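In what follows, a single structure is set out as structure tokens and then discussed.
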Amino acid sequence: MSDLFEQDAVKMDTDVATIVGDSSLYAKVLESGNIEVLERFLAAKSKEEDRQARMEFDRNFSKMQAEFTPVAKTGEVKNKDKTRTLYKFCPLENILKAYAPIIAAHGFSYYWTEEAIEGNQSKRISCHVNGYGHERSAYIDIPIQAGNEFTNSIQQRGVSTTYGKRYSFVNAFGAIIEDEDDENAMTFDDGVKYSDSITFLKSAKNMDELATAWKTIAAGLKDDQDGFRKMSKIKDERKKELAK
């Protein structure tokens, strides 16, 4: 290899941004017949193209996010006899209705994948975002829970899939859900996990029943600070309702 070609090879390794469109350097690589150098050249060229694609992705992604607005929590889950609202959530269809047109207008697309993990006791749901030759993903791992008073075990799997799609989408795109920044705000998953406690509190007909319910629930949540805070919020809301 000539001294000039060695210098070009160093340039190829140290300044990959010069490779894309550098036909003279590419011609020298082909002319040399050196497979090792050719492989290095193609790897560097691919690396630079990936970098450019990622930069273009990020630039347009930021422009897209500037158009995002909060989506309201219009979905409701009621108690068994449908007399009280236990918690609210933002349905996936509402999120997609608000964001899908913006996403498409800025040249992006998305899809989900799902895989069983931890011996089929949990599932990983990923949202993949494509655009401008680059892909970015976000995932959430969800334990597959047993049925409860709202859903049987088969329905529960469907619930966990919907939940996973919703939150992986929110994480991947940075979607904005109303009240989502409230650390004590109930999520759909919370509603499923704490459904019995929520029903117990919401069903209290007077202050004495509420005090009894809270004493039992608080004892069971002594090792779950997040659940304690959220159930305490529901207890306080029910206390205000009973005081009216």
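Tabulated data for the structure shown
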{"read-out": "From phi via Karplus (6.51, -1.76, 1.60), per-residue ³J(HN,Hα) for region 121-130 in Hz, x at Gly/Pro", "value": "8, 9, 9, 10, 10, 10, 10, 10, 10, 10"}
{"read-out": "Estimated inter-spin distance, Glu135 and Val77, nm [label 7 Å along Cα→Cβ]", "value": "3.2 nm"}
{"read-out": "Residues whose placed amide H lies under 5 Å from that of Ile177, excluding near-sequence neighbours", "value": "Val71"}
{"read-out": "Extension gain from Thr161 to Gln65, taking 0.36 nm per residue of separation minus the Cα-Cα distance", "value": "32.0 nm"}
{"read-out": "Karplus-derived HN-Hα couplings along region 61-74 (A = 6.51, B = -1.76, C = 1.60, θ = phi - 60°), whole Hz, x at Gly and Pro", "value": "5, 5, 5, 5, 4, 5, 9, 6, 10, x, 10, 6, 8, 9"}
{"read-out": "Whole-angstrom gap from region 57-76 to region 105-137, using each part's C-alpha centre", "value": "17 Å"}
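Only the coordinates and a few stated rules stand behind these numbers; no lab work does. Just so you know, these numbers come straight off a predicted model, no measurement behind them. Cβ: placed from backbone, ideal geometry, glycine included. Neighbour counts: every protein chain shown.
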